[in-house]
Amino acid sequence: MTEPILELKNVTSAYGRIKAIRDISLKVYPGEVVSIIGANGAGKSTTLMSICGVLKPEAGEVWYDGKRIDGLASDLLPSRGLCQVPEGRRIFPRLTVEENLDMGAFFRRDQANIEHDKNRVFQMFPILLERRKQHGGTLSGGEQQMLAMGRALMSRPRLLLLDEPSLGLAPLIVQQIFRIIREINETDGVTVVLVEQNANLALKSSSRGYVLETGSVVMEDDAQALLANPDIRKAYLGE
Amino acid sequence: MKRALYLLSVLLLASFVVAGCGKKDEKKAEASKAGITIGSLGPLTGQYAADGNDIKNGVLAAIEVMNPEMGAQGPVNLQAEDDACDPRQAVAAANKLINEKATAVIGAYCSSATIPASEPLIAAKIFMITPASTNEKVTERGMPYMFRTCGRDDDQSKAAVKFMTDQLKSKTIYIVDDKTTYSQGLADNIEKLAASSGLKVLGHEHVNQGDKDYSAVLTKVKAAKPDVFYVSLQNSASAAPMLIQIGRMGIKSKILAQDAVYHPQLIELAKKDAEGVFLTFGYTDKTTPAYQKFADAYKKYGEPGAYSAYAYDSTIAYLKAVKAAGSTDPEKVKAEMMKLDFDGASKHMKYRENGDSGSNYVIQVIKDGKFTNYWNPENGELFK
Amino acid sequence: MDFFFQQLVNGITLGGVYALVALGYTMVYGIIQLINFAHGEIFAAGGYMGVILISWLFAQGYPPFLCLGVALLLAMGYCALLAMALEKLAYKPLRQSSRLSVLLSALGMSIFLQNGLMLTQGVYDRAYPGEMVQGGFEVGTVMISYMQIIIVAVTVLLLVALNLLVFKTRIGKAMRATAQDKTMSGLVGINSGRIISITFAIGAALAAAAGIMVGLYYGSVRYDMGFVPGIKAFSAAVLGGIGNITGAMLGGLIIGMIEVFAAGYISSEYKDVFAFIILIAVLYFMPTGIMGENVDDTRV
Amino acid sequence: MTIRASKLWFGYAVAMAWFYVLLWPLLGIKAAGLEFAASFAIWSKVAVAAAICLVLYQVKQAGAFNFLTKPTERVGEAASAAFRRVPTWLSLAVVLALAVIFPLFTERYAHDVAISILVYIILGLGLNIVVGMAGLLDLGYIAFFGVGAYTYALLSVHFGLSFWLCLPIAASFSALAGCLIGYPTLRMRGDYLAIVTLGFGEIVRIVINNWMSLTNGPNGVLGIKPPGAYWFNGASLEHVWLNHLEQLYYIILALAVFTVLAVYRLNYSRIGRAFEAVREDQTAAELMGVNTLRIKLLAYALGAVFGGLAGTFFAARMQFVSPESFTFIESAMVLAMVVLGGMGSIPGVILGAVALIALPEVFRGFELYRMFVFGGVMAAMMIFRPKGLWPAKRLGARSEERE
C-alpha cells in the first residue's frame, strides 16, 4: 500500500494537567474516508486539534504528507492542503458569507482560480449564493455548516478534517451534508477524516474507522466490520 | 519552594529599603561633618518639570559660586528632591531631606506643595526658602524659618490693575485662570481689585491644568471684546498654546499675563503670537554685576527660567548667613538672615520679619522676541 | 449663532483628533481585548517625531508642505515600528495570561515610554517651526484657520483609507476574522501574530498622525502630552462601542463636541465632568456603547 | 540546540537593529544635521548588556551553572520545607512583631515610607474586594480615598470633630459614594465598567477641584488636626496630639491589621463566596439564587469603606489635602498593587504595596531615571510573573474573559 498521508505516532495531549488523549496512533491513507467515533469527552476533537497545531502534543509525533508537523503553527498547514472544519462550525459571525469564503482562500494568490472555486462552492450550496451578502452569524445552523465546509473547500484541501458535521442539524440537512462529503471525496479525491458521535452515519460513509474511549484508541477496523461488531452496535448504535 | 522564594524576596526588599536608608545616613553623616547639605525641592518630573529644573539649576549655580568662599564650612552639597507638585510626594521628600540632615531647603515651586512640605521642615528647624511660591499663605502662618525670595500675589495684582487703569486706560477686562493655588489666587485678587478701580469684569473663566485646547473659552472672550484679556496660567507651557490660539482666533484685546509664564520657552513656542504680550514680573536689572555673575554661572544650564535667579539668590542668601553665623545652628543663622542686605541677581535682598523679601513688580512686554521692561508702577513711567 | 458655529468648528477639529487616537484603542481592543494604556505615549512619540523631522527638513530648506507630508509619513512609520516592538516585548508574552496582567504591563510600558521620551527629549516643550501653516479665513465672523482645515482633511483622508483597508482588502478581512475568532483564523491559514502586529502598527500610525496634527495646532509638544488625550480617546472608543471602528470615529467626534460646547455654554471647568456624565448616561442605557458590538460588523 | 542558539542570536540581531531604528531618530536628528554618536553610545551599552544576558541564559540552559543552582535549589527546598513546618500563627506573629518593632531601629524617612506603604496596603486590600474577589474592574478607586480624606478634612476644620469619631463617619460616607458609583455600573460588564469607574473617579476629582466654597478647590484644605489621645501623665488625663511619625505609624499599623483581619474573614464568609460566584459566572450565580445586583453593590461599598478609612488617616497624617492626590494615576497604582501582588490574595496585595511604594523610593538614587526604571520593572514583573508575586490559591478567570 502507499504511504499514509497522515500518521499519528503515540500522541499525547493535555489541557493543563489533565491528559485529554494518551498514546494515540492512527494512519490515514490517500483517498480514504476515515471515521473517528466515540462518546462525549472521548478525545475526538482534541485529536483533531492536536493534528492541526492548535494544541501542541506533549509527546508523540504527527506526520503529514511525509513531513513531521507537530509543533508547527496552525496557520502554516492550510497552504499544505490540511484543513479542518472544527466543531461548532466557527463561522466568522460578522463577516459576510462571501468574505467567509474568501478567508478560506486566504493564503492563495491565484485570483482567477479562487473565483472559480467560489463559483463551485455556490453550485454545491446554492443557498450560500442567495445569502452571500449576509453576515455569517445570521445564518441557520445548516447553512453555517455548509458555509464552513465551503470555506474549507476554498483552500483546495488534500486532507479535510471534519468535526461533528451533523451536530444539531435536521436529518434532511445531515443527509445533504454527507452526500457532499462523499462527493468531494470521490470526485476531487480529497481524503477525509470524519469525527462523529453519530457512528452509524459516519461508518456508513467511510472506509475505515477508529473508536476512541477516554482518550485512547480501543478499536480499529474496516467500517463495515465495525458496523457489524456487536460491542460497537451496543455502545454506539443504541442496540 | 515558592513560598520560601517569596519570603526571601520580601526580606530582600525590606532589607533593601532599610539598607538604602542606612547607607545614605552614613554617607550624609560624613557629609555633615565635612560640609553643608542644601536640599532643593521642586517638580523634576511631571507637568511642571521644566520649572523644577530651573530651580534646581539655580541652586546648583549658586553653590558653585559660593563653594570657594565657604572655607572650612564647605563644601556645600546639593540634595535635589522631586515633589512632582504633589503634596504627598512633597511631604515624603521633605522627610527624606530631614533624614539627610539638610539644613536648608530651597523650594518648592507649587504653593500647594510648599505649604504642606513646610510643616515637617520648619518643625525640624530647617530653613525653607521658596523662590517661586507667591501665594500669600506661604509666609503668613507664623513659621520662623520660612522665607520667600519672590514677590507676593497681592502685590502683583496691584501692579497689574494699576497698569490697566493708568497706562492702558482700559474699561473692560476678561480673566482666565487655570485653578492652581497660585494662578487662581492671583486672578481672584485681580477681579476684586478691578471692580474697586472702575474696571468692568466681563467674565472670569477657569480652565483646567494640562488643557491645551482653549478654543471654547477664547470664542467667549472674542465675543465679549474686552479691552484687556488677563491670562493667569501656572506656567509658560500652558500659556504658549493659549497665545497661539488667541492669535489664530484673531482676538484684538491687549493681553496681560503674570510672572509664572515668564520663561524663554514662551517666546520660543508661541513665536510671533507672543509679541506684544504684557506681563507682570519682578524687576530684575540685568545690567548689574550680580546678575552678570549669575548669568555666567548659569550658562551651562541654558537660558535662565522664571525662577532660576530667585533660586540662585535664595541659596546665596542662606549661605551668606551661614558664613556670617559661622555655623549652621538655626537660631544663629536666622539672626544673620534677618541682617542680610545685599544686591542679588534678581533684586535687592533683604528679608522682613515674616520672611518675605518684598515685591517689586513691573510690567514687561515681549518685543522682538525678548522680555523687555515696559512700565514701572512705582512712578507710572515707561522704561527707556 | 456665530458663537455656535465657531464652537462647532472648534468641536469638529478637536473631535477629529480624538477620533484618530480612539481608533488605535478600538482596533487593539477589538483584536486582543486589551486597553492599550501606552497608546497615548505612541501619540506623543508621533508628535515628537513630527517636530524632529519637520525641524530637520525645514532647516534643509524644503517647502513647508513637502516637509509636512514627508514628516507625516515617516512619523507614522516610526510609530508603527514602535508599537510593534511594544507588542512583541510587553504584550505577546502575556497572550495566555489574564487580561489584567496585560493591562498592567501596558500601564508599566506607558510610564516607561513617557519617561523615555522625557529622558531623550528633555522636560521642556519642543516648538514646531511656526512658519508652517499660518492664517485662516472668516466666514461671517466665524474664524476658520488653515490649520483646522488641514487637521480635518488629514483626519477624513486617513479615516477613509482605514475604512477601505479594513473592509476591502485581504489584510483587512483577515484582521476582522482574527478579531472574531483567533483559533479559526489560524485554521484557515491566517498568522494571527502577524495580524495583531499589523493592527498595532496601523493604530499607531493613526496616533502618530494625530500627534503631529496636535503639535502643529497647539504649536508645541511635550513628553506627557499623551496622557489626557489618551484618556479622552479611550472614553471616545468606549462611547462608540469599543472594538467598533465607526463607533470610535463617532465617539471621538461626540466627545470633542461635548467638551467644546460644555465649555462654551456651561462651564469650562466642568467640561470633562459633562463629557464623563454623558458617557456614563449613554452606557447606562446602551451598555455596549452607541454602536454596540451586536449591531454591525465594523468590529475589527 | 545549535539551531535554537542561532535562532536566539538572530532574534537578538533583529531586536538590536530594531532598537537602533527606534532610538536614533530621537537623539540623532537635529535641525543642524544628523549625528550618530550619542545614540550609538547608548545603543552599544544596551546591546552589550543584552548580549551578556543572552550568553548567561545560554550557559544556564546548557547546565553550566548546575553546580551553583542545584545546591541553592536544595537549600531553598529545605528552607521551604522548614518553613512549612512552622505554624502559620507563628510566622504571622513574627511578621507582626517585626512590624511593631520596626520604628525602633529605623529613621524618620523609613517611617515615612512605611506609613505610605501601610496606607496603600489598606487601599490595595479594599480594591482587592472589588477587583480580586468580585471581579469588577475599577479604575476610579482613588475617589473613595478622596471622599474619606475630604470628609475628615472638612469635619475637622469646620466642626473640630476628632479623628476617631470621623473614622466611622468617613467610612460610611465612602460606602455611600460606593453605592452611588456602583448603582449605574451594575448593568455593565468588563471594560465598559472600567471606563465608567474611571469617569466617576475623574468626576469626583474635578468636583473637588472646582467646588471652591466647600473644598477650597486646588488650594486644598489646611489645618487638619492629627489624631488626638488622652494620656495619663501621673496626675490627670491630658489631651495630646499624636503627630509624631512613630505614633502615626502605630495608628496606621493598627488600621492595616484591622483591614487584613476583616478582609480575611470576608474571604471565607458567605458573602465572600457570593463574590466569588459573581466573579466566576454571573449568570450561574444568579440562577443559584445569588442576588447579583446586591452583591455587586456590597462589593463596591465594602471596598469603599477601606478606601475611606485610608483616606481619613491620610488627611490626618498630612494635615493637608488637595485634589492633586487623587488623580487617575493613583487609581492605576493601587490596581497595579493588586494585580502585581496576585489578585485575591492578601499576602500578595501586601507584597504588591511594598514593592510599588518601596521601589520608587529605592530608585530615588536614579533621580530622573526613577520612573523610567519603575515603568520598565513593572512591565517586566508582569511578564515574568503574570499571576502576581503571591497568587491566590483559588482563583479562576473573570467571567467576562471566557467568551
How many lysine pairs in chain D, separated by 8 or more positions in sequence or lying on different chains, have Cα atoms less than 25 Å apart? 8
State the answer as a single residue: which of D:Ala17, D:Phe83, D:Ala31 lies farthest towards the positive end of the charge dipole of the stretch D:2-84, with beta carbon charges of +1 for Lys and Arg and -1 for Asp and Glu, about the Cα centre. D:Phe83
Cα long-axis angle, helix B:153-162 against chain B (0 to 90 degrees, to the nearest 10): 20 degrees
Kyte-Doolittle at least 1.6, axis length at least 27 Å by Cα - qualifying DSSP helices, chain C: C:64-86, C:146-168
For the stretch D:307-385 the mean separation of alpha carbon contacts under 8 Å (6+ apart) over residue count, i.e. relative contact order in percent, is 16 percent
About the Cα centre of the stretch A:9-65, how large is the charge dipole given +1 on each Lys and Arg Cβ and -1 on each Asp and Glu Cβ? Please answer in debye to the nearest 20. 240 debye
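Return the loop-located trypsin sites (Lys or Arg not before Pro) in the stretch B:222-316 (DSSP other than H, G, I, E, B) with at most 16 other Cβ atoms within 10 Å of their own Cβ; answer none if there are none.
Working: sites: B:Lys222, B:Arg248, B:Lys252, B:Lys254, B:Lys271, B:Lys272, B:Lys286, B:Lys293, B:Lys299, B:Lys300; in loops: B:Lys252, B:Lys286.
Of the trypsin sites (Lys or Arg not before Pro), the ones in loops of the stretch B:222-316 whose Cβ has at most 16 other Cβ atoms within 10 Å are B:Lys252, B:Lys286.
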The stretch A:1-123 - convex hull of alpha carbons, volume per residue in Å³: 149 Å³
If we count GluC sites (Glu not before Pro) as exposed when they sit in a DSSP loop and have at most 15 other beta carbons within 10 Å, what is the longest stretch of chain B that avoids them all? B:1-139
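Do any chymotrypsin sites (Phe, Trp or Tyr not before Pro) in the stretch B:169-243 lie in a loop, going by DSSP, with at most 12 other beta-carbon atoms within 10 Å of their beta carbon, and if so which?
On the way: sites: B:Tyr174, B:Tyr182, B:Tyr214, B:Phe229, B:Tyr230; in loops: B:Tyr214.
Qualifying residues, ordered by number: none.
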Along the dipole axis of chain B (charges at Cβ: +1 for Lys and Arg, -1 for Asp and Glu; origin at the Cα centre), the most positive-end residue among B:Ser170, B:Ala237, B:Gly355 is B:Ala237
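Over the stretch B:61-218, calculate the relative contact order: mean separation of alpha carbon pairs under 8 Å at least 6 apart, over the residue count, as a percent.
Reported relative contact order: 15 percent.
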Determine the shielding of peptide D:30-36 by partner chains: average, over its residues, the number of Cβ atoms on other chains within 10 angstrom of each Cβ. 3
To the nearest Å, what is the center-to-center distance of the stretch B:332-350 and the stretch A:67-139, using C-alpha atoms only? 84 Å
To the nearest 20 Debye, how big is the dipole of the stretch C:116-231 about its Cα centre, given +1 on the beta carbon of each Lys and Arg and -1 on that of each Asp and Glu? 660 debye
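For the stretch B:172-261, take the convex hull of the Cα atoms, compute a quarter of its surface area, and give me that in nm², please. Walk me through the numbers on the way to the answer.
Values: hull surface 19.6 nm².
Computed as one quarter of the Cα hull surface, the answer is 4.9 nm².
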Taking every pair of alpha-carbon atoms in chain D, what share in percent sits in each 10 Å bin, from 0 to the bin with the longest distance? 4, 18, 25, 23, 17, 10, 2, 0, 0
Qualifying chymotrypsin sites (Phe, Trp or Tyr not before Pro) in the stretch D:1-83, DSSP loop, other Cβ atoms within 10 Å at most 15: D:Phe36, D:Phe65
With a 10 Å radius around each residue's Cβ, average the other Cβ atoms per peptide and rank A:2-8, B:215-221, highest first. B:215-221, A:2-8
Cα-based radius of gyration of the protein assembly as shown once divided by 2.2 N^0.38 Å, which approximates compact folds: 1.02
Exercise: per-residue mean of other protein chain Cβ atoms within 10 Å, C:134-145: 2
Say we join alpha carbon atoms closer than 10 Å with springs in a Gaussian network model of chain D; which of D:Leu242, D:Leu287, D:Leu389 then has the biggest fluctuation? D:Leu287
Based on the Cβ-Cβ distance from D:Ala82 to D:Leu261, what FRET efficiency comes out when R0 is 22 Å, to the nearest 0.05? 0.25
Shape of chain C from its Cα gyration tensor (a ≥ b ≥ c, root eigenvalues): rounded if a/c is under 1.5, otherwise prolate when a/b > b/c, or oblate? oblate
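Order D:228-240, D:149-161 from most to least packed using the mean count of other Cβ atoms within 10 Å. Please report the intermediate quantities before stating the final value.
Numbers: D:228-240: 10.1, D:149-161: 20.5.
Going by the mean number of other Cβ atoms within 10 Å, highest first, we get D:149-161, D:228-240.
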Give me the angle, in degrees from 0 to 90, between the Cα long axis of helix B:215-224 and the longest principal axis of the Cα atoms of chain B, rounded to the nearest 10. 40 degrees
Alpha carbon centroid spacing (whole Å) that separates the stretch C:1-60 from the stretch D:33-81: 39 Å
Give the lysines whose C-alpha is closer than 24 Å to that of A:Lys234, dropping any in the same chain fewer than 8 places away, or say none. A:Lys44, A:Lys204
With a ≥ b ≥ c taken as the square roots of the eigenvalues of the C-alpha gyration tensor of the stretch D:2-84, please select rounded if a/c is under 1.5 and otherwise prolate if a/b is larger than b/c or oblate if it is not? prolate
Out of A:Asn113, A:Asn100, A:Asn200, any idea which swings most in a Gaussian network model of chain A, alpha carbons joined below 10 Å? A:Asn113
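Based on the Cβ-Cβ distance from D:Tyr268 to D:Leu237, what FRET efficiency comes out when R0 is 35 Å, to the nearest 0.05?
0.30
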Using +1 at the Cβ of each Lys and Arg and -1 at the Cβ of each Asp and Glu in chain D, identify which of D:Phe313, D:Leu237, D:Gly341 lies farthest towards the dipole's positive end. D:Gly341
Could you identify which residue out of D:Glu330, D:Glu246, D:Glu77 has the top mean-square fluctuation in a GNM of chain D using Cα springs shorter than 10 Å? D:Glu77
Which of the lysines could a cross-linker bridge to C:Lys168, judged by Cα under 17 Å and excluding same-chain residues fewer than eight apart? A:Lys133
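Roughly how many debye, to the nearest 20, is the charge dipole of the protein assembly as shown about its Cα centre, given +1 on each Lys and Arg Cβ, -1 on each Asp and Glu Cβ, and no other charges?
Details: 120 positive and 110 negative charges, 344 e Å.
In debye, rounded to 20, the protein assembly as shown gives about 1660.
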What is the Cα coordinate range of chain B on the first, second and third principal axes, sorted by size from largest, in whole angstrom? 68, 59, 38
Using Cα atoms only, what is the angle between the long axis of helix B:308-325 and the major principal axis of chain B, expressed in degrees (0 to 90) to the nearest 10? 40 degrees
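No lab work stands behind these numbers, since they all come straight from the coordinates. As the structure is a prediction and not an experimental result, all values here were calculated from the model. Quick reminder, even Gly has a Cβ in these numbers, built from the backbone with ideal geometry, and neighbours come from all protein chains shown.
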